[in-house]
1. If you scan segment 167-179, which residues turn out to be open to solvent by 10 Å² or more (accessible area, probe 1.4 Å) and in contact with a Leu (Cβ under 6 Å, 6 or more places away or on another chain)?
2. What's the number of the condition E90 fails, among (1) open to solvent by 30 Å² or more (accessible area, probe 1.4 Å); (2) in contact (Cβ under 8 Å) with a residue 40 or more places away in the chain?
3. Can you name the residue in segment 102-130 that is buried (at least 21 other Cβ atoms within 10 Å of the Cβ) and under 16 Å from S159 (Cβ atoms) and is also farthest from the chain's Cα centre (by Cα) among such residues?
4. Output the residue which, of all residues in segment 307-319 that are surrounded by fewer than 21 Cβ atoms within 10 Å (Cβ to Cβ) and either modelled with pLDDT under 95 or not basic (K, R) (or both), is nearest to E99 (Cα to Cα).
5. Of all residues being touching a strand residue (DSSP E or B) at 6+ places or on another chain (Cβ under 7 Å) and open to solvent by 10 Å² or more (accessible area, probe 1.4 Å) in segment 274-289, which is farthest from W299 (Cα to Cα)? Just the residue, please.
6. Checking the conditions here, which among G222, G261 is touching a Phe, Trp or Tyr at 6+ places or on another chain (Cβ under 8 Å) and either open to solvent by less than 30 Å² (accessible area, probe 1.4 Å) or not polar (S, T, N, Q) (or both)?
7. For segment 123-175, what are the residues that are among the β-branched types (V, I, T) and part of a loop (DSSP other than H, G, I, E, B)?
8. Being acidic (D, E) and not in a strand (DSSP E or B) is the filter here; which residues of segment 187-237 pass it?
Amino acid sequence: MFTRTLLALLLFLTACSGEERLYKTRGHVFGTTVDITIYGGSQQRADLLGAEVLKEFDRLHRKFHAWEPSMLTALNDSIAKGEPMRADAEMVGLLKSAEKLSVRSGLLFNPTIGHLIRLWGFQKNDIGAQGPPAAEIKRWVDARPSLSDLRYNGNIISSVNPAVMIDLGGYAKGYALDRAAALLRNAHVKAALVNIGGNVIAIGQPGERPWQVGIRDPRGAGTVAQIALRDNEAIGTSGDYERYFMKDGKRRPHIIDPRSGYPIDLVASVTIIASGGRDPGLRSDGHSKPLFITGPRDWQAMAEKLDLKEVLMVDAQRNVHMTAAMQARIAGAERREHAGNLASTRVTFTTLATASPASVHAGAPDAR
């Protein structure tokens with residue numbers, strides 16, 4: 001369930017004053033690299049806090065794993081047998097919040113299509129080229145599983161549809177970011193940046209400038225743009241460049257359209273920024289999936305439906321589309337870079353093109 005990063009951000013940490021330092025703790029969980037960067041304090045305190053966050057991540061990884069034994073796999077087994085299962089308040093709360101997003105997205109965000117994800121070979125660590133029979137794909141599409149099939153009696157969960165198989169790979173990393181932010185805020189850290197394989201949340205500000213992050217080029221080693229990430233903002237990306245396979249000349253990423261049962265091949269990456277409230281991490285993770293599925297033609301309508309202001313999409317033809325608010329944020333980062341004479345990557349869109357420059361669509365309907 002927890003996959004390697006679908007989003008990848010290259011982090012550009014801002015320069016700090018001579019009196020304060022950045023302390024980094026690195027681990028490996030959720031099948032990816034995790035970095036906890038803490039500004040100020042001491043090395044010893046940063047190490048203790050970093051270890052506490054990693055311990056929490058390990059707990060969530062073991063609880064919500066989609067194919068190794070976990071509370072989630074136990075729930076899926078019970079659903080398949082038509083039996084109820086006693087979970088806990090955390091599991092119930094996460095599933096209910098996911099259901100709200102699922103409904104708002106017109107079921108394009110649908111964590112209950114685990115059977116399709118497994119059929120395509122994505123519920124394992126080593127991905128190989130798959131070609132599932134069309135009849136099997138149709139079988140699980142026609143079963144129409146959704147989170148609305150679940151029933152709750154306190155913390156006891158059951159389902160009216162045995163085809164439901166829950167996979168929270170596109171949601172629970174965001175929840176983990178919010179848990180990390182809560183732990184670090186309770187410890188009164190001055191500022192911190194938590195990165196789960198590219199899903200990032202910011203706490204406070206390290207010195208005079210915000211945290212700086214770069215959005216990865218999905219088809220190269222560079223970045224598409226650099227932006228500032230402020231307190232209680234999270235950035236998340238859904239991409240086709242880490243968990244995928246090639247078959248018959250097509251790239252097959254792990255993000256599956258629940259309407260067709262097939263992986264999406266029209267989009268390379270979608271990056272969004274969420275801010276405010278208690279769950280910016282959760283929103284930055286889950287809300288990018290419906291935009292990825294709608295694709296270059298309809299992404300703006302879905303962004304409006306989900307009340308997303310800052311969105312950047314790179315389509316499969318390497319065109320860059322973005323909202324006006326995201327364009328303004330990127331332009332602001334570029335101005336600050338030139339003003340400060342920093343050596344960080346400049347904001348450019350030509351890095352995506354091999355034969356010709358990438359076109360930029362900012363805050364206007366797709367003109368193609």
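The values are calculated or read from the model by the stated rules, or taken from the named source; none is laboratory data. Keep in mind it's a predicted model, so treat the numbers as computed, not measured. Here the Cβ is made from the backbone with ideal geometry for all residues, glycine too, and neighbour counts use every protein chain on show. The protein model used for the area step is the full one, side chains on, heavy atoms only, and it has no ligands, DNA or RNA in it. Shrake-Rupley method; radii C 1.70, N 1.55, O 1.52, S 1.80 Å.
1. Y175, D178
2. Answer for E90: the failing condition is (2).
3. H115
4. Of everything passing the filter in segment 307-319, D307 is nearest to E99 (Cα to Cα).
5. Among them, the one singled out is S275.
6. Of G222, G261, the one residue that is touching a Phe, Trp or Tyr at 6+ places or on another chain (Cβ under 8 Å) and either open to solvent by less than 30 Å² (accessible area, probe 1.4 Å) or not polar (S, T, N, Q) (or both) is G261.
7. Within segment 123-175, I127, V160, V164, I166 meet the criteria.
8. Of everything in segment 187-237, those that are acidic (D, E) and not in a strand (DSSP E or B) turn out to be E208, D217, D231.
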